[in-house]
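Accompanying notes for the structure given below.
The values are calculated or read from the model by the stated rules, or taken from the named source; none is laboratory data. The shown structure was predicted, so the numbers you read here are calculated from the model rather than taken from an experiment. Cβ coordinates were reconstructed from backbone atoms using ideal geometry, including for glycine residues, and neighbour counts include every protein chain displayed.
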């Protein structure tokens, strides 16, 4: 049996500069360079839709911690005979379990976002009527945003792991002879002592921690996500990382305690089985999202090129009205899932179906399929719901809203106030970074303009919310209600919370001067462009694949 880094009783206390060790050093430098470049690329493109929902802060922090364990391990064959006996112990007892815990904690965000997006398809009250959370510490914890809850869970596990690691080091005389439990010390030559320090019962808290995250938490997340099929590669990442962690700890134990593994340990030290798992996690967490960003950029450019070609074609043929009718026919055929003989040729051309006119036709006539796709596959259901809500709000605007002078007349105040309240709830549910669970992605200038008009009334209606990071819009505090004073007031509160707040509360203060019929025009145009260049081409591609699969099956039946 050898030590953590492959040292045995016959090893010499010197640095090994053989071909194997040189290879591992060069490999460590190359892979670290690739990983750092990938992380920098993700940070630069952090505002891309496919990255905004991932929560790069937690995931990249976990990767950094895991890689700080990975790098020294690659030098194990070179420095194993000269490193202190507790070096591997501290690395495996602190960096590794903390990094794994933080990674799996951040990866559960996948389930959280997927479950919350379902409300854009299934309705607002997925979990039944809302009730006032309990007061005290429990109530405060339940009102915390999702990321903070995960950090508390993971932080508690990390603290327990580090505490046990320190405790084991203190009570065992294996690493120090001046204190600790008698009988736990090790004797022999310096290399024999080093070898014995590389294994033992002191290591088992770290082993149990790895088994917990890799064999309990990861499979549970994998099982719960089995029916989720997103377009961001998030499910593939979850599967890859969950499977990658299964072999790590068992193979580390085999390499450390099975004598037959001694020849392997000379070129592949036991913790490198764990490093193999870390590398796979880094590939799926850093390099796969990089590829997704590149794929998104390519698809976006192809969409813009298709629109440009179609516009040139329409202008050259001078048949704008005919093109609109063609778009409507193709969209209806695409949504219904059937191809007519007259539209077969058109469907093979991506140019016409990818235009803004085709998108607007779907939003106006039948947004359901697109909304379902964006919520369940793209995790951007808030965009489609926002667009349909704004269109509905605009269609219900009174004539007085179209005339600035008429808006100031007393007899129009009630209908103007009604329109303002509907607009206020659209702002609170889809735009406000303090109150919306999934704020739509608009420019800072437009956001500031809308905040100046709606934010103060929103706080009066929805209550005070903590500031959240616009780059991580999915982390928010739930609506904070005051604690009921008695059992009767609690029943009243629960009954009142059974309906959405927009149906129960109205704003009766002064209407800001900037409120007008075009208040949402810029935000609507921005989100339409985002949907056109991101969700819409993926939706069309998905529908085409479904149609082609149906035609293939139909041909096989015939």
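Could you tell me which numbered condition residue 180 fails, if it satisfies all but one of (1) in contact with a helix residue (DSSP H, G or I) (Cβ under 7 Å, 6 or more places away or on another chain); (2) surrounded by 15 or more Cβ atoms within 10 Å (Cβ to Cβ); (3) in contact (Cβ under 8 Å) with a residue 24 or more places away in the chain?
Going through (1) in contact with a helix residue (DSSP H, G or I) (Cβ under 7 Å, 6 or more places away or on another chain); (2) surrounded by 15 or more Cβ atoms within 10 Å (Cβ to Cβ); (3) in contact (Cβ under 8 Å) with a residue 24 or more places away in the chain one by one, residue 180 breaks only (3).
I'd like to check something: does segment 174-185 contain any residue that is closer than 30 Å to residue 435 by Cβ and not in a helix (DSSP H, G or I)?
no
Considering only segment 87-96, I want to know if a residue exists there that is farther than 23 Å from residue 29 by Cα and either modelled with pLDDT of 95 or more or buried (at least 21 other Cβ atoms within 10 Å of the Cβ) (or both).
Yes, that holds for at least one residue.
Conditions tested, residue by residue: (1) modelled with pLDDT under 90; (2) touching a helix residue (DSSP H, G or I) at 6+ places or on another chain (Cβ under 9 Å); (3) on the phi > 0 side of the Ramachandran plot.
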residue	(1), (2), (3)
247	no, yes, no
266	yes, yes, no
271	no, yes, no
279	no, yes, no
285	no, yes, no
288	no, yes, no
293	no, yes, no
298	yes, no, no
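Evaluate the following for residue 438: is it touching a helix residue (DSSP H, G or I) at 6+ places or on another chain (Cβ under 7 Å), part of a loop (DSSP other than H, G, I, E, B) and at pLDDT 50 or above?
So residue 438 fits the description; yes.
When you scan segment 7-83 for helices (runs of 4 or more DSSP H) that lie fully inside it, which ones turn up with 1 or more residues that are without any contact (Cβ under 8 Å) to a residue 24 or more places away in the chain and in the same structural domain as residue 275 (by TED's automatic domain parsing)?
19-44, 56-74
Looking at 302, 327, 320, can you tell me which residue is crowded, with 20+ Cβ neighbours inside 10 Å, outside the structural domain of residue 41 (by TED's automatic domain parsing) and either at pLDDT 50 or above or more than 26 Å from the chain's Cα centre (by Cα) (or both)?
Just one listed residue meets the conditions, 327.
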